[in-house]
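A short worksheet on the structure shown next.
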Amino acid sequence: MRAKASAKYIQANQERRKGKAKQQKFTLSERDIFLIVSMKYATATLPLPQREVLKRLKQLLPYRTLSERQLRRIAEKALSDPRSEQFWEAHLVPPIDREMGKAIQSLLPGVREVFVIPSVCHIDPKMVSWYLGLSAARIFEHFFVGGQAIGLGAGKAVQALAASLNLVSEIVENLNFFALVYRDSLEGETGAEPLMEVISRCTLVSRSPSVRGTIAPSELKPESLHWAFVCIEAMNGKNNNGVVARILDFPLTPSGLLPIDWSPNPDGACVHLSFLQRMVQQGRGVVAMAGGEGSGEAVLAAYQAKKSGGLLFNFLVIDDACAEQILRLRGYRLSDIPNRHEWWEKKNRFLVAHLRYAMEPPFRTFREIANRLRLSVKQVKRLLEDAVRKHEDDKPILTLKVQPPSLEMELEMELMKRWGLAEVRVVPSFNSREGFKALGQTAVNLLVSMIGSKKEFTVGLGGGSAIRTVVEALNLKRVFKNFPELSRLSICALARNPLPTVLSVTPQTLVAPIVSRYSDQPGVEVCYYETRKAEKLDAVFVGIGSMVPPDNLSYFLESEPNIKDVSERLAGLLLFQFITRDGEILPTQWMDKLKAMPLTELKNMVNQRKPVVIVAYGPHKATAILAAYKAGLFNCLVIDCALAERLLELSKNEMALIWHNHGDGEDGRERHE
């Protein structure tokens, strides 16, 4: 007894190891990774919980046989795979610390408003200017009105602003942009880069010649501009003869004055500081941006210029590193600012999101982020989840948008998501010959993936030109070579020829050549539906006829007087049975004559979650496929790009009817949103 028990134990262990080996063989393709990423970030509001992602994966054909544990590992592996980063586009918008902004404003009389954002100078210094410019763009772009003139200074933050402006075409058509600085240089920066950036972007929005950019700083007058954007750059006073700041091309000492020995650049032009002072005096907007270490002292130096002519700016966009230095230099206690805990939450949501999605290279694990920010892994997870949520009046800090690697893959995911299909494969729309060839090979690849490690497999084939390409692409010798465990592959024709007539499109005509082609290949069997029946089929691949040219079904319709009377309602023909536009199945005399598989059996296979694949090419098939979907006759598609686009276009207005007809079945249609 012990020996038998021991033998069973050894056998169980061997089977367990085989299972693990199969699991390890599951390699993630680019398509697998994109599919999982697109499911995780299916909505712009919040990533789906892991449980929901696994539930949706379980509905799809490639993952149906996997356990929950295997699915969890695959999902985690896909989301942490470096290739996944090419499939999403992350948009981060820094939060604004309004309470600290009020505190800074109280220390700088005359400044109309101060905006404080989180600083990344301690984790990613090169991104400080980018976030300043991005924040300024989001804050002030709403104030731009058609016909206004906007001056752009030099510097990385101003260039980031120019690259981030989200301008509406109606406004862009009447905006005028002016460079405040220009250096006649062939090697270094000219100072007009922000102007050139925004003009090129505006041209993409509107090709109107009224979008103008002017580089003539010496000819500008303060009355000409409505807005001006400048950078305040921090300088090291000890190594720069006491200079602590630079604004436009002018160095400033701590007292806000120009150095005694300073002289202007003879190879360029720049509006004078008095230009900015006069704009402020006239109530026009001058926005200064500063951030990073030492920037607080630089801002205070620029503010001191008010003693010699007036304020240089009346709006200020800074990071909290700059703000904290200003507070320290002015003797203001940070603890006196209210809502510090709320700001800690907002700031760290942003920093966690930056490390995960914007850092180069990104931090891919929660542990790495936690160590860098001195947080716990639990805190990092929570903060990252909170970053994509909308909190009270604040917009989400992080927005993730899935970027498909190709149009075909985008259409595949959209059809699976919208129609709840188990699998969709889309090929490019080439000319008819190349397109059909790609269609057939793609269908064969799908069939091969279904066989997997099975010892026996039976596939039913319908008729039509599309299925003919499948038969032509099918190399059974290669299939048996790649799947040594496969002992029998049965190919079942789902209809016969109406002898003595031989039709070129019937399943029997298409399948018959396989008998002679693979007569020397053990394990290949050709059979017919009337002997095999639906319960023994593992999968079905069928074509579909359309009532729309170039398809011609008049030959079948003329012999059906009862159906001919309702021809206006007909959408297509599947296995010699007509389908109406609303999904009603109309049997024909041909169905009995050819001993074709009843469409009700296809419907049963779909309900049993067996793969039923429609293979079709050309947008003229769309109405027929939509009707077949309403009837619940398939759960997989292999189609071309033009047909996929047409299906999505047609289905927009008919989804309510489709959902009503199908209900919440197990084939995944309950996933519609």
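When both residues are 6+ apart or on different chains and their Cβ atoms are under 6 Å apart, which pairs have a first residue that lies in the range 537-548 and is more than 25 Å from Lys454 (Cα to Cα), and a second that is in a strand (DSSP E or B)?
Qualifying pairs under 6 Å: Gly543/Val615; Ile544/Gly572; Ile544/Leu574; Ile544/Ile614; Gly545/Gly572; Gly545/Leu573; Ser546/Gly572; Met547/Leu570.
Pull out all pairs, ordered by first then second residue, where Cβ-Cβ is under 7 Å, the residues are six or more apart or on different chains, the first lies in the range 189-206 and is open to solvent by less than 60 Å² (accessible area, probe 1.4 Å) and assigned to a helix (DSSP H, G or I), and the second is at pLDDT 85 or above and of a type in the set (Val, Ile, Thr).
Once the first residue is open to solvent by less than 60 Å² (accessible area, probe 1.4 Å) and assigned to a helix (DSSP H, G or I) and sits in the range 189-206, its partners that are at pLDDT 85 or above and of a type in the set (Val, Ile, Thr) give Pro194/Val158; Leu195/Ile215.
Give the residue that is farthest from the chain's Cα centre (by Cα), with candidates limited to residues of the range 244-264 that are of a type in the set (D, E, K, R) and in a loop (DSSP other than H, G, I, E, B).
Result: Asp261.
So Lys533 clears everything in (1) open to solvent by 40 Å² or more (accessible area, probe 1.4 Å); (2) modelled with pLDDT of 80 or more; (3) within 29 Å of Asn604 (Cβ to Cβ) except one condition, right? Which one?
(2)
Return the only residue of Arg367, Arg382, Arg356, Arg328 being under 22 Å from Val120 (Cβ atoms), of a type in the set (D, E, K, R), touching a residue at least 24 places away in the same chain (Cβ under 8 Å) and open to solvent by 40 Å² or more (accessible area, probe 1.4 Å).
Arg328
Name, by its number, the condition in (1) surrounded by 17 or more Cβ atoms within 10 Å (Cβ to Cβ); (2) in contact (Cβ under 8 Å) with a residue 24 or more places away in the chain that does not hold for Ser255.
Here Ser255 meets the rest and fails (1).
Scanning the range 485-503 for residues that are open to solvent by 90 Å² or more (accessible area, probe 1.4 Å) and at pLDDT below 90, which turns out nearest to Val444 (Cα to Cα)? Break it down stepwise before answering.
So in the range 485-503, the residues open to solvent by 90 Å² or more (accessible area, probe 1.4 Å) come out as 485, 499-500, 502.
Okay, now just the ones that are also at pLDDT below 90, so 499-500, 502.
Details: Leu499: 29, Pro500: 31, Val502: 26 Å.
Looking at residues that are open to solvent by 90 Å² or more (accessible area, probe 1.4 Å) and at pLDDT below 90, I get Val502.
For the range 322-345, indicate whether the set of residues that are within 22 Å of Tyr41 (Cβ to Cβ), out of contact with any Asp or Glu (no Cβ under 6 Å at 6 or more places or on another chain) and hydrophobic (A, V, I, L, M, F, W, C) is non-empty.
no
Without any contact (Cβ under 8 Å) to a residue 60 or more places away in the chain and in contact with a strand residue (DSSP E or B) (Cβ under 7 Å, 6 or more places away or on another chain): which single residue out of Leu599, Leu650, Leu626, Leu637 fits that description?
Leu599
Would you confirm, using the coordinates I've provided, whether Ala466 is surrounded by 22 or more Cβ atoms within 10 Å (Cβ to Cβ) and under 31 Å from the mean Cα position of the chain (by Cα)?
On the way: surrounded by 22 or more Cβ atoms within 10 Å (Cβ to Cβ): yes; under 31 Å from the mean Cα position of the chain (by Cα): no.
So Ala466 fails the test.
Considering only the range 563-588, how many residues are among the polar types (S, T, N, Q), over 18 Å from Gly462 (Cβ atoms) and not in a strand (DSSP E or B)? If you could, list the steps in order and put the result at the bottom.
Within the range 563-588, the first condition is being among the polar types (S, T, N, Q), and the residues that meet it are 567, 577, 580, 588.
Those left that are additionally over 18 Å from Gly462 (Cβ atoms): 567, 580.
Next, only the ones that are not in a strand (DSSP E or B) stay: 567.
Summing the residues that are among the polar types (S, T, N, Q), over 18 Å from Gly462 (Cβ atoms) and not in a strand (DSSP E or B) in the range 563-588 gives 1.
Which residue pairs have Cβ atoms closer than 6 Å, lie 6 or more positions apart in sequence or on different chains, and pair a first residue in the range 444-458 that is within 16 Å of Val470 (Cα to Cα) and in contact (Cβ under 8 Å) with a residue 60 or more places away in the chain with a second residue that is assigned to a strand (DSSP E or B) and open to solvent by 20 Å² or more (accessible area, probe 1.4 Å)?
Hits for this filter: Leu446/Arg425.
So, of the residues in the range 165-177 that are under 22 Å from Leu134 (Cβ atoms) and modelled with pLDDT of 70 or more, which turns out to be most open to solvent (accessible area, probe 1.4 Å)?
By that ranking, first place goes to Asn166.
One line per residue, one yes/no per condition, for (1) open to solvent by less than 50 Å² (accessible area, probe 1.4 Å); (2) over 23 Å from the mean Cα position of the chain (by Cα); (3) of a type in the set (A, V, I, L, M):
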site: Pro82; (1), (2), (3): no, no, no
site: Gln86; (1), (2), (3): no, no, no
site: Leu92; (1), (2), (3): yes, no, yes
site: Asp97; (1), (2), (3): yes, yes, no
site: Lys102; (1), (2), (3): no, yes, no
site: Val114; (1), (2), (3): yes, yes, yes
site: Val120; (1), (2), (3): yes, yes, yes
site: Ile123; (1), (2), (3): yes, yes, yes
site: Val128; (1), (2), (3): yes, yes, yes
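Regarding Ala162, is this residue at pLDDT 85 or above, closer than 19 Å to Phe143 by Cα and in contact with a helix residue (DSSP H, G or I) (Cβ under 7 Å, 6 or more places away or on another chain)?
Yes; evaluated as a whole, the condition is true for this residue.
Quick grid of which residues meet (1) in contact with a Lys or Arg (Cβ under 7 Å, 6 or more places away or on another chain); (2) open to solvent by less than 20 Å² (accessible area, probe 1.4 Å); (3) of a type in the set (Val, Ile, Thr); (4) assigned to a helix (DSSP H, G or I):
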residue	(1), (2), (3), (4)
Pro513	no, no, no, yes
Ser516	no, no, no, yes
Ser519	no, no, no, no
Pro522	no, no, no, no
Val540	no, yes, yes, no
Phe556	no, no, no, yes
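Evaluate the following for Glu472: is it open to solvent by 30 Å² or more (accessible area, probe 1.4 Å) and farther than 18 Å from Leu537 by Cβ?
Against the criterion (open to solvent by 30 Å² or more (accessible area, probe 1.4 Å) and farther than 18 Å from Leu537 by Cβ), Glu472 qualifies.
So, Arg468, is that one under 28 Å from Leu648 (Cβ atoms), modelled with pLDDT of 90 or more and of a type in the set (D, E, K, R) or not?
So Arg468 passes the test.
Residues Ala302, Ala288: which one is within 21 Å of Ala137 (Cα to Cα) and modelled with pLDDT of 90 or more?
After ruling out the rest, the residue left standing is Ala288.
Return the residues of the range 276-295 that are outside any loop (DSSP other than H, G, I, E, B), touching a strand residue (DSSP E or B) at 6+ places or on another chain (Cβ under 8 Å) and open to solvent by 10 Å² or more (accessible area, probe 1.4 Å); say none if nothing qualifies.
First pass over the range 276-295, keeping only residues outside any loop (DSSP other than H, G, I, E, B): 276-281, 285-290, 295.
Right, trim to touching a strand residue (DSSP E or B) at 6+ places or on another chain (Cβ under 8 Å) and you get 276, 279-280, 285-290, 295.
The answer is Val280, and nothing else.
Every residue in the range 573-585 that is open to solvent by less than 40 Å² (accessible area, probe 1.4 Å) and touching a Leu at 6+ places or on another chain (Cβ under 8 Å), please. Explain how you work it out, then say what you get.
Here is the first cut: in the range 573-585, the residues open to solvent by less than 40 Å² (accessible area, probe 1.4 Å) are 573-580, 583.
Result: Leu573, Leu574, Leu575, Phe576, Gln577, Phe578, Ile579, Thr580.
Taking the range 372-420 only, how many residues are more than 13 Å from the chain's Cα centre (by Cα), part of a helix (DSSP H, G or I) and over 30 Å from Pro95 (Cα atoms)? Talk me through it step by step, then tell me what you get.
First, the residues of the range 372-420 that are more than 13 Å from the chain's Cα centre (by Cα): 372-398, 408, 412, 415-420.
Applying the additional criterion that residues be part of a helix (DSSP H, G or I) yields 372-373, 377-387, 408, 412, 415-419.
Filter again for over 30 Å from Pro95 (Cα atoms), leaving 408, 412, 415-419.
Count: 7.
The values are calculated or read from the model by the stated rules, or taken from the named source; none is laboratory data. Bear in mind that the values here come from a model prediction, so they are computed numbers and not experimental data. Here the Cβ is made from the backbone with ideal geometry for all residues, glycine too, and neighbour counts use every protein chain on show. Please note that ligands, DNA and RNA were not included when accessible areas were found on the heavy atoms of the full protein model with its side chains. Shrake-Rupley method; radii C 1.70, N 1.55, O 1.52, S 1.80 Å.
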